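The values are calculated or read from the model by the stated rules, or taken from the named source; none is laboratory data. Please read these numbers as outputs of a predicted model, since none were measured by experiment. No Cβ is skipped: glycine too gets one built from the backbone with ideal geometry, and neighbour counts run over all protein chains shown.
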Amino acid sequence: MVELDDRDRSVLSILSEGRANPYLIRERTDLDKGEVNTVLVRLGRAGYVRQVTRGLYEITDAGSAIADDCSGIE
C-alpha cells in the first residue's frame, strides 16, 4: 500500500467529484504542473487513478475507497 501525502489526498478528493485534467487539478490545488504530474503517475501506479484519454484522469474503485477513508479523517 502506498503512503499518501497531502498532495495525493488533494488530487484524490478532486477526482472523487468526477473526471479531471491536470489543468483543473492545478487550479483547485496549490500544486504546480510538475507536482500534479508526479502525483498522477504515483496514484496511477498504485491503482488509485487511471488515464482515460490523453490529459483526462478518473479515480478507480480502489482510489474511491481511499478517498472515502481520508475524508473521514479530516
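Numbers for the structure displayed
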item: Residue list for segment 51-74, restricted to those being of a type outside the set (Phe, Trp, Tyr) and touching a strand residue (DSSP E or B) at 6+ places or on another chain (Cβ under 6 Å); result: Gln51, Val52, Glu58, Ile59, Thr60, Gly63
item: Segment 5-19, residues that are crowded, with 21+ Cβ neighbours inside 10 Å and either in contact (Cβ under 8 Å) with a residue 40 or more places away in the chain or in contact with a Lys or Arg (Cβ under 8 Å, 6 or more places away or on another chain) (or both); result: Asp8, Leu12, Leu15
item: Failed item in (1) among the acidic types (Asp, Glu); (2) touching a residue at least 12 places away in the same chain (Cβ under 8 Å); (3) not in a helix (DSSP H, G or I), with Glu35 passing the rest; result: (3)
item: Per-region count, segment 20-74, residues acidic (Asp, Glu), at pLDDT 95 or above, exposed (fewer than 11 other Cβ atoms within 10 Å of the Cβ) and closer than 18 Å to Leu4 by Cβ; result: 1
item: Positions within segment 1-58 being under 16 Å from Asp69 (Cα atoms) and among the basic types (Lys, Arg), in sequence order; result: Arg7, Arg9
